[in-house]
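Inspection log for the structure reproduced underneath, given as structure tokens.
The values are calculated or read from the model by the stated rules, or taken from the named source; none is laboratory data. Just so it is clear, the model here is predicted, and its values are computed rather than measured. Virtual Cβ from ideal backbone geometry, glycine too; neighbours counted across all protein chains shown.
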Amino acid sequence: MSIVAARLAARVAFALGAALALGRPAAASPPPTHPPETPPIAGTVKDSAGTPIPNVQVIVAGINRATSTNGDGYFMFRGLPPGRYHLTTLFLGFAPGHADVVVPVSGDTVRVQIVVRPTVLQLGGVQVTATPVGTDPRNVTQSASDLSGQALSRAVGPTIAQTLDKEPGVAMRFNGPAATSPVIRGLQGERILVLQDGNRAGDLSSTAADHGVSIDPLMAQRIEVVRGPASLLYGNSALGGVVNVISNDIPTTIPSHIDGYIGTQLESVTPGGAISAGLQVPITSGAAFVARGGRRQAEDLRQGGNVKLDNSYFRNAYGSAGVAAAGARSNGGVVYRRYNFDYGLPSAGGEGAHIEGTRNEFVGRAELSSAGGFLQSIRANATAQRYTHDEVASTGSVNTRFTLKTQTADLLARTMIGAVSGAFGVSGLFKQYDARGDESLTPAANSVGLGAFFYEEIPLGSLTHPDDRVPRVQLGGRYDSYNIDSEGSTQPRFGPAISRKFSAGSGSIGLSLPVTNNVSFALSTARAFRAPSVEELFSNGFHEAAGTFDRGNRTLAQEVNQGFDGIVRLHTGRINGQFSGFYSTITDYISPNIVKDTLIDGEEGPELVPLNEFSQGDATLRGLEGQVEVLLTKQFVVGAMGDFVRGSLKANDEPLPYMPPARIGGNVRWDNGRWSLGSDVRHGFAQTRVPPSTGAEDPSGLATDAYTTLNLNAGLTLPIRHLVHAFTLRIDNVGDVKYRDATSRIKTFALNPGRNVSLVYRVLF
């Protein structure tokens, strides 16, 4: 860890103790060594027939505590600060359960029983990524959703982007089956932030189309998506949205039993399979050991028409281990993660290059709760990551070696004044980037980002419990300073070292307005920023994966996104839906611009390739997205989805590159709680609004045709004693349709995946 990071960590630790000291009332005598613990919450989760349900996730909204029920449906939370809490349950095939409890300063155990009902509707239970206080999804003023339970099993693919590809407003940047990343409302790369358990994944997936996300979706408990500007909580690089993969590697509550899962997946479109397993083992009533591991192996992709895409294999292996502790008014832990990967880079010329590398990560978290009053809790979080990957030629020589070291430090305090909940915090982000080799695109560079923010959620009405359906105002502000310093290089083409400094204020204000208990509106506006990336500023070399000579621009300004959202949500016993409209203006939008051809030294002599220069211009994005499911009978549901985004440069109305096409779809599903059968159809419209083409090798200027795919699925859920077995069989692209997606980086020579038979098995214990 750098000296700057170490200093910040020391300041965070000092601030943690000082803030808690200030949050306690003055006392005539020193506080006891061991503060008295508030009464625990003990409860059971049962179905409507009174049968206890094991393996149910129970979440305390607002402070993001979570645990699961044991074989008797029993759960317990210890050490919560005095106050009123809302509990939410999540479980396969059941609607989220809810209960409100009051934790006194002292007294007997608080007992609660939560009854849940089976449903075939896809319902969200809690949202922890969109706000710092955790809340009912109906109260969030941004467009947000989560994928969990059966819905996650029906969607899970080899990568995070493929798993989310069918979600409204979310598409996939495709550069082969391994090198994919999410596209949210037409924005991608450095504008979309991918998190694991709320922490940045310190890889290079956002910097280039041939780099993949270093998180396997099979280990996810759930995945949350926030669409639109999200810089308020996460600072730089969240200008377009956030994807948070929740694995709960550091539990906030010690389970009363061994808690875990085993998951496997088989795929035919990328022949191979994956396995993942995780455990939380209580050592004592206040400590637990946590571990997770998995592996995936897949052969070359079968495109539409059952044509193999050469050199598109991929492999990964990952593991984590750590300890967690929880006691009177405190919880925390440390975990170590490792992710290894190796995947091929498909290319028009069949060069046979591949990427292999590793991400190592240490994560630590500590949270303390107060005895009540203004300051409810304070949490310190820190990570240290080292990511490396080699781009290896078919001959075995390393063309370029990338190294990225990332450290983060965050301090978050949650507050409560009457019915107004809020938070404030500070964060630090430190990166040390290096690229070595004759084909390196950029010089080495270091980045330092510091930020501070506040957030308040104000109910406009009286509350009897935290999630009463009353109008709410959510507002916040943030200020960031971000510095990028390039280092001197022995290669003259990179020029002298240079330092760029960026600073920006971000903010948001939103109104959640319940019309009835089942219908609500939300309006919001948010401002977010993004500093230019190292590649956009300093590139000067041939980018083999893109087939272009990339030239950066050292004078680029920061991007600023001013976005507006309008949302309608429907939540009844028979209907669940969300519909959004958005409009964004991005000042100084950075885009690649093919200006002409240039000569490079190829393996067989001089070679003419497109010259890509990064430029800026104001841009607009506007669109619609929505999804609805309707329960026709107790066991039969139908649904529909659709999305549309239009991106243009303001100056000449020229289309932004790689905009996803408009899509519509429908689904039907029968589910009796044990067996399920379903199908869905997706139609992607032709995308003809593309930038002017510079030639046959320019994928950004290639229009794509319309396509329609049919997908089938079947499921079986078997509770056997204290275990829950879940099987999901999918057939994607049943007709083996040949199609190209507009967001694909390799669509000039490759098709999207063809027919796929996928079997997913997961057991919870």
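For the reader, a short list of remarks on this structure follows.
- Tabulated pairs, segment 735-747, first assigned to a loop (DSSP other than H, G, I, E, B), second aromatic (Phe, Trp, Tyr), C-beta under 6 angstrom, 6+ apart or interchain: VAL737/TYR707; TYR739/TYR707; THR743/TYR658; SER744/PHE174
Listed here are the residues, each with its yes/no results for (1) free of Cβ contacts under 8 Å to residues at least 24 places away in the same chain; (2) surrounded by fewer than 21 Cβ atoms within 10 Å (Cβ to Cβ); (3) out of contact with any Lys or Arg (no Cβ under 7 Å at 6 or more places or on another chain).
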residue	(1), (2), (3)
LYS501	yes, yes, yes
ILE509	no, yes, yes
LEU513	no, yes, yes
ALA526	no, no, yes
ASN540	no, yes, no
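- Hits in segment 481-521 - residues which are over 22 Å from THR131 (Cβ atoms) and of a type in the set (Phe, Trp, Tyr): TYR482, PHE494, PHE502
This table checks each residue for (1) assigned by TED's automatic domain parsing to the domain that holds GLU351; (2) in a strand (DSSP E or B); (3) modelled with pLDDT of 95 or more; (4) within 25 Å of GLU629 (Cβ to Cβ).
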{"position": "VAL690", "(1), (2), (3), (4)": "yes, no, no, no"}
{"position": "GLY695", "(1), (2), (3), (4)": "yes, no, no, no"}
{"position": "LEU718", "(1), (2), (3), (4)": "yes, yes, no, yes"}
{"position": "THR728", "(1), (2), (3), (4)": "yes, yes, yes, yes"}
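- For segment 509-546, filtering for residues that are in a strand (DSSP E or B) and under 29 Å from ASN612 (Cβ atoms) leaves 7.
- In segment 674-692, residue farthest from ARG663 (Cα to Cα) [restricted to those that are touching a strand residue (DSSP E or B) at 6+ places or on another chain (Cβ under 7 Å) and of a type in the set (S, T, N, Q)]: SER676
- Residue in segment 81-90 that is surrounded by fewer than 18 Cβ atoms within 10 Å (Cβ to Cβ), within 30 Å of LEU631 (Cβ to Cβ) and in contact (Cβ under 8 Å) with a residue 60 or more places away in the chain present: no
- Residue identified as in contact with a strand residue (DSSP E or B) (Cβ under 9 Å, 6 or more places away or on another chain), of a type in the set (S, T, N, Q), crowded, with 24+ Cβ neighbours inside 10 Å and at pLDDT below 90 among GLN142, GLN196: GLN142
- Among (1) assigned to a loop (DSSP other than H, G, I, E, B); (2) surrounded by fewer than 21 Cβ atoms within 10 Å (Cβ to Cβ); (3) assigned by TED's automatic domain parsing to the domain that holds LEU309 - the single one GLY107 does not satisfy: (3)
- Any strands (runs of 3 or more DSSP E) falling wholly within segment 244-337 and containing at least 2 residues that are basic (Lys, Arg), free of Cβ contacts under 8 Å to residues at least 12 places away in the same chain and farther than 28 Å from ALA750 by Cβ: none
- Here VAL102 fits the description: of a type in the set (Val, Ile, Thr), outside any loop (DSSP other than H, G, I, E, B), under 23 Å from ALA413 (Cβ atoms) and in contact with a strand residue (DSSP E or B) (Cβ under 9 Å, 6 or more places away or on another chain).
- Those residues of segment 362-379 which are closer than 16 Å to ALA409 by Cβ and either buried (at least 22 other Cβ atoms within 10 Å of the Cβ) or in contact with a Gly (Cβ under 7 Å, 6 or more places away or on another chain) (or both), in sequence order: VAL363, ARG365, ALA366, GLU367, ILE378, ARG379
- Test set (1) closer than 30 Å to SER285 by Cα; (2) out of contact with any Pro (no Cβ under 7 Å at 6 or more places or on another chain); (3) surrounded by fewer than 24 Cβ atoms within 10 Å (Cβ to Cβ); (4) of a type outside the set (A, V, I, L, M) - PRO255 fails condition number: (2)
- Segment 619-663 - residue that is free of Cβ contacts under 8 Å to residues at least 60 places away in the same chain, closer than 15 Å to THR587 by Cα and within 27 Å of the chain's Cα centre (by Cα) and, of those, surrounded by the most Cβ atoms within 10 Å (Cβ to Cβ): ALA619
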